[in-house]
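Below you'll find the structure, written out as structure tokens, and then a few comments.
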Amino acid sequence: MSDNIESALHEDRHFPPPDDFVAKARLKPADAEALYKKADEDYEGFWCDLAREKISWKKEFSVGLDDSRAPHFAWFTDGVMNVSYNCIDRHLEQRGDKPAIIFEGESGDTRTYTYRDLYNEVGKLGNALRSMGVQKGDRVVIYMPMIAEAVIAMQACARIGAIHSVVFGGFSADALRDRLDNSGAKVMITADGGTRGGRVVSLKKNVDKALDISEGLVEKVIVCKRAGNDVDMKDDRDVWWHIATAEESNDCEPEWVEAEHPLFLLYTSGSTGKPKGIQHASAGYLLNAVITSEWVFDLHDDDIFWCTADVGWITGHTYVTYGPLSVGATQIVYEGVPTVPDAGRWWQMCQDHGVTVFYTAPTAIRALMKAGDELPSQYDLSKLRLLGTVGEPINPEAWMWYHEKIGGERCPIVDTWWQTETGANMIAPLPAVTTTTPGSCTRPLPGIIADVVNEEGESLGPDQGGLLVIKKPWPSMLRTVWQDDKRYKSTYWPKFDGKYYLAGDSARRDPDGNFWIMGRIDDVLNVSGHRLGTMEIESALVAHEAVAEAAVVGRPHDVKGESIVAFVILKSDRPTGAEADEMVKTLRNWVSDHIGPIAKPDDIRFADGLPKTRSGKIMRRLLRSIAKGEEITSDISTLENEGVVAQLQGKA
Ligand code: WT7
């Protein structure tokens, strides 16, 4: 960790909130002060007040935090509510004709759904799911393109108390199968295909493949017609969305569920083995989605919000499907990639739809920055008033570009730190309160007790790198790892007598108290803002018949954040020349097929063995240095097989 501290940049540019922003903001400095004070004096009361104010309850709760089964925490346990009701029905009277979703396809087709339209579409699909026998607590896997129907499908599950598990449409059939089987779903919702980068991704084909090899329970597949590509519909199992919903009523009585009822599972990578099904609860999750939409994104009734994340990630759950709708906002949903027809697409869309609040990832900002300043300067971006980032630390250069070229030097930037497990923004600026500094996610939000500690759990002083922890339970925290509660305890509560939530990130605080995230502490890569487990990629590689052993590490990459480097030992002799090139191609495609294109190694190197200590541990630190092309200065004489280092460096 000490290397990280030394390499930390010194940043002294500071951006206080602009006066005109402060004047109109939902949360002003005095409000924030009162919230921090309340959370400090009466933590449970702080959350209970918010839960009463922000959530529409069918039956009010009397219990705030139940910590009797720590590290399992439960909130508002005797309350009864429905998340979909909170996102749709409660707006109908005042905002029935207000656009909830403005959808744009990659090829330019658009469709607007008002809150009334959403009510109808969600109701019809909810009823169709019920007709198929889906009941409260049943799991439904959603594998869709980034289209409005994906949001509708999630809302329909929430409406009937079914637990959705969205699998990112970029994952392969194998990855889909793993997640499907682990969730025990009996119904899937998919589409024929979606368009990305001008090509049709045949989602339904992947579903067919996944179900062929699945050991699961899927009985029905609902298929939304989107791309118009050919699909095989299997009698009895597959049904078109438009046919399944044709005869159904718009009115679908919400399933009134207890606050702790599971809302969804979302699989995320860990350092070992298979992905973890992160399970969230209903009311607590919704509460943090609502308050962060108000506090961090400052959403007002006349805003046009656009979070570019896919619903396959947590950002798309909280800041597409739930947060913006729960506060009655209008938002953009876009199907495609940012570079079709050129890297000005997003800026054009911001102009054409009058986007006011825009939220994306540093990896996208860097990619679009590379395309030059010409493109954004061609569009009128003057409606933008607030910008956000998420997924990884943003490098100050990209922050400044975003600030100048996109935000016209007038928009505050909220750099939001959070995780699949935390459910919502945790450490982030309050745009009318916080002075920002490029590269820092600034301070914990009111009610979030974050700290940087050493291995003993002691708070560290300014500029000391340590472990990022959350010291008190918060409503939108994960509840468990699906089917693996042991892993929940060992991953998030292994230290400090199980008292603090361990985020798995290292961090430091600067003398102003701003947090700087330094990276993951486990072997998890952050590629384009998404966590990928090195283990998962290694297992995919060794599943190939020619591979004996593999080790995967990350290397800094100027657009993706990290890129994937794989060191591979074949069962046969080490290949060279054209044979090696051929094998590299084969293995890259193999990983793409097994996990998805996002996990494709950028670089694959062969050797006769991996560098191991005498006790047989792979020296990952050394592999990381080799991947970066660094001179090896550390003593490698304790290595069991010194000679392989030169091979892995490409020197032998
Ligand atoms: C990990 C969580 C939260 C949605 C996207 C990723 C890194 C996330 C930031 C940020 C520095 C960040 C952390 C975190 N991360 N946001 N603003 N600054 N690092 O969700 O896949 O659950 O990954 O992403 O390392 O632990 P995720």
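Just a few scattered comments:
- Selection count where residues are surrounded by fewer than 20 Cβ atoms within 10 Å (Cβ to Cβ) and of a type in the set (Gly, Ala, Ser), scope the stretch 75-104: 1
- Tabulated pairs, the stretch 381-407, first without any contact (Cβ under 8 Å) to a residue 60 or more places away in the chain, second β-branched (Val, Ile, Thr) and outside any loop (DSSP other than H, G, I, E, B), C-beta under 6 angstrom, 6+ apart or interchain: 387/413; 398/365; 402/365
- Residues considered: 509, 520, 479. Of these, the only one that is basic (Lys, Arg), modelled with pLDDT of 95 or more and closer than 24 Å to residue 315 by Cβ is 479.
- Residue within the stretch 438-446 that is away from the ligand (no atom under 15 Å from the Cβ), surrounded by fewer than 21 Cβ atoms within 10 Å (Cβ to Cβ), part of a loop (DSSP other than H, G, I, E, B) and of a type outside the set (A, V, I, L, M, F, W, C) present: no
- Test result for residue 6, at pLDDT below 95, within 27 Å of residue 515 (Cβ to Cβ) and either in a helix (DSSP H, G or I) or under 27 Å from the mean Cα position of the chain (by Cα) (or both): yes
- Count - residues of the stretch 312-342 that are away from the ligand (no atom under 16 Å from the Cβ) and either crowded, with 20+ Cβ neighbours inside 10 Å or of a type outside the set (A, V, I, L, M, F, W, C) (or both): 16
- Odd one out for residue 299, checked against (1) surrounded by fewer than 24 Cβ atoms within 10 Å (Cβ to Cβ); (2) over 27 Å from residue 482 (Cβ atoms): (1)
- Any chance residue 513 is more than 23 Å from the chain's Cα centre (by Cα) and not aliphatic (A, V, I, L, M): yes
- Leading residue by the ranking (farthest from residue 315 (Cα to Cα)) among those in the stretch 343-365 that are within 16 Å of the ligand (Cβ to nearest atom), part of a helix (DSSP H, G or I) and among the aliphatic types (A, V, I, L, M): 365
- Every residue from the stretch 67-103 that is without any contact (Cβ under 8 Å) to a residue 24 or more places away in the chain and charged (D, E, K, R): 69, 93, 97
- Taking the listed residues 570, 587, the one that is farther than 23 Å from residue 175 by Cα, among the hydrophobic types (A, V, I, L, M, F, W, C) and touching a strand residue (DSSP E or B) at 6+ places or on another chain (Cβ under 9 Å) is 570, with no other qualifying.
- Residue that is within 30 Å of residue 357 (Cβ to Cβ) and within 12 Å of the ligand (Cβ to nearest atom), where the choices are 283, 309: 309
- In the stretch 254-272, residue nearest to residue 536 (Cα to Cα) [restricted to those that are modelled with pLDDT of 95 or more and within 11 Å of the ligand (Cβ to nearest atom)]: 267
- Residues satisfying the stated conditions in the stretch 540-554, i.e. surrounded by 17 or more Cβ atoms within 10 Å (Cβ to Cβ) and within 25 Å of residue 528 (Cα to Cα): 540, 541, 550, 551, 552, 553, 554
- Residue tally, condition without any contact (Cβ under 8 Å) to a residue 60 or more places away in the chain and surrounded by fewer than 23 Cβ atoms within 10 Å (Cβ to Cβ), over the stretch 134-163: 2
- Tally of residues being within 16 Å of the ligand (Cβ to nearest atom) and surrounded by fewer than 22 Cβ atoms within 10 Å (Cβ to Cβ) across the stretch 366-386: 1
- Listing of strands (runs of 3 or more DSSP E) fully contained in the stretch 509-606 that carry 2 or more residues being within 16 Å of the ligand (Cβ to nearest atom): 515-520, 524-527, 530-533, 547-557, 561-570
- The residues of the stretch 416-437 that are within 12 Å of the ligand (Cβ to nearest atom) and either free of Cβ contacts under 8 Å to residues at least 40 places away in the same chain or part of a loop (DSSP other than H, G, I, E, B) (or both), listed by number, are 418, 419, 420, 421, 422, 423, 424, 425, 426, 428, 429.
- Residue within the stretch 582-589 that is modelled with pLDDT of 90 or more, buried (at least 19 other Cβ atoms within 10 Å of the Cβ) and among the basic types (Lys, Arg) present: yes
- Checking each residue in the stretch 387-415 for being near the ligand (Cβ under 9 Å from one of its atoms) and in a loop (DSSP other than H, G, I, E, B) picks out 391, 392, 393, 394.
- In the stretch 495-508, the qualifying residues are those that are at positive phi and more than 10 Å from the ligand (Cβ to nearest atom), and the one that is surrounded by the most Cβ atoms within 10 Å (Cβ to Cβ) is 496.
- Residues that are without any contact (Cβ under 8 Å) to a residue 60 or more places away in the chain, under 22 Å from residue 270 (Cα atoms) and either near the ligand (Cβ under 9 Å from one of its atoms) or part of a loop (DSSP other than H, G, I, E, B) (or both) within the stretch 455-473 comprise 455, 468, 471, listed in sequence order.
- Here the stretch 121-148 is the region considered, the condition is being assigned to a loop (DSSP other than H, G, I, E, B) and of a type in the set (Val, Ile, Thr), and the residue that is nearest to residue 261 (Cα to Cα) is 134.
- Here 108, 64, 123 are screened, and the one residue that is touching a residue at least 60 places away in the same chain (Cβ under 8 Å) and among the small types (Gly, Ala, Ser) is 123.
- Considered as a group, the residues in the stretch 39-55 that are part of a helix (DSSP H, G or I) and in contact (Cβ under 8 Å) with a residue 40 or more places away in the chain include one that is surrounded by the fewest Cβ atoms within 10 Å (Cβ to Cβ), and that residue is 43.
The values are calculated or read from the model by the stated rules, or taken from the named source; none is laboratory data. Being a predicted model, the structure only gives us computed values, none of them experimental. So basically every Cβ, Gly included, is an ideal-geometry build from the backbone, and we count neighbours across all protein chains shown.
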